[in-house]
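Each reported figure results from applying straightforward, stated rules to the coordinates on display, with no laboratory input. Just so we're clear, the structure is a prediction, and the values are computed from it rather than from any experiment. Positions of Cβ are backbone-derived with ideal geometry, glycine not excepted, and every protein chain shown enters the neighbour counts.
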Amino acid sequence: MTSPRPVRLDRATSRLNHAVYDQLKERLLDGVHAAGEQLSTERLRLEFGVSKQPVMEALRRLSGDGLIDIYPQVGSRVAIYPPQEVDDFFVMFGGFEGTIAGIAATRRTPEQLAEMDAVSRQIDALRSEVDPAARARGYRLLNRRFHEVVHLMAHSRVMAQTSSRMWDLSDFLINTTGSAHPLSDALDQRHDDHERIRAALHDGDRAAARAEMERHIVGTVDVIAEPGA
């Protein structure tokens, strides 16, 4: 797993509890902490330079997000999901995101299509990055932005908000299941998926947008599988 990046908390602009939560969640989504790894409240407190309370509050919220498990009188560990549950999640998630994409194909605006195209160009440029960790993290962030634009196209707050938590769990599972930096090796394939989704959205083809998005999301299971699995 990658080493934690230096922590810089902006106490002037963000409440301490939220700052600790956001920083720790980013670590989990990037795979800095391995599945099953014990998270020491004391060590985290020292790393963040805060009291125990903000750390404990962050751990409580992350438990609610499904990213860690809290064991009374024992402590907290990074959540572990069995392979069948990982498969089930991406099948469910694929259906949900496919529905959003299908709706987006009929509601998107020219400005939103242009924004999606701009994000796609950034992902294409990322393919020249040679560092696997940088490729993986860069893609994770740009991929989220690509799909956020699709959510905006659907013009449905309830779907976008519901999807947000699923995206956190998706990123977590990708980076804590199977091999390290799986999205680095799969970047070309994933970008090709995006191009087919993008074409369907430009064409206003609801059925194609839904099918391509669902295939893209469900295919994540193959991307994160251990070699030979």
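Computed from backbone phi with θ = phi - 60° and the Karplus coefficients 6.51, -1.76 and 1.60, the 3J(HN,Hα) list for the stretch 35-52 is 4, x, 5, 6, 9, 7, 4, 5, 5, 5, 4, 5, 5, 8, x, 10, 7, 5 Hz; x is used for glycine and proline. Applying 1/(1 + (r/R0)^6) with r as the Cβ-Cβ distance of residue 40 and residue 179 and R0 = 35 angstrom yields a FRET efficiency of 0.85.
Think of each Lys and Arg Cβ as +1 and each Asp and Glu Cβ as -1; about the Cα centre, that makes the dipole of the chain roughly 900 debye. Residue by residue, the stretch 155-166 carries 3J(HN,Hα) couplings of 6, 9, 4, 5, 6, 5, 5, 5, 5, 4, 5, 5 Hz when phi is fed to the Karplus relation 6.51 cos²θ - 1.76 cosθ + 1.60 (θ = phi - 60°); x denotes Gly or Pro. Taking amide H positions as modeled 1.01 Å from N, with prolines and chain starts lacking one, the residues under 5 Å from residue 68 and 5 or more places away or on another chain are 63, 79.
Starting with the highest mean, order 88-94, 78-84 by the number of other Cβ atoms within 10 Å, averaged over the residues of each peptide.
With the highest mean Cβ count within 10 Å placed first, the list reads 88-94, 78-84.
The three principal axes of the Cα atoms in the chain give end-to-end lengths of 55, 46, 34 Å, sorted in falling order. Working note: Karplus 6.51/-1.76/1.60 with θ = phi - 60° gives the stretch 209-220 the couplings 4, 5, 5, 5, 5, 4, 4, 4, 6, 4, x, 4 Hz, where Gly and Pro are set to x.
Could you compute how fast the stretch 83-167 diffuses translationally, taking Rh as the Kirkwood radius over C-alpha pairs and applying Stokes-Einstein at 37 °C with viscosity 0.692 mPa s? Give it in µm² per second.
234
Distant-in-sequence amide contacts of residue 39, defined by a placed amide H-H separation under 5 Å and a gap of 5 or more residues or a different chain, comprise 76, 77, 78.
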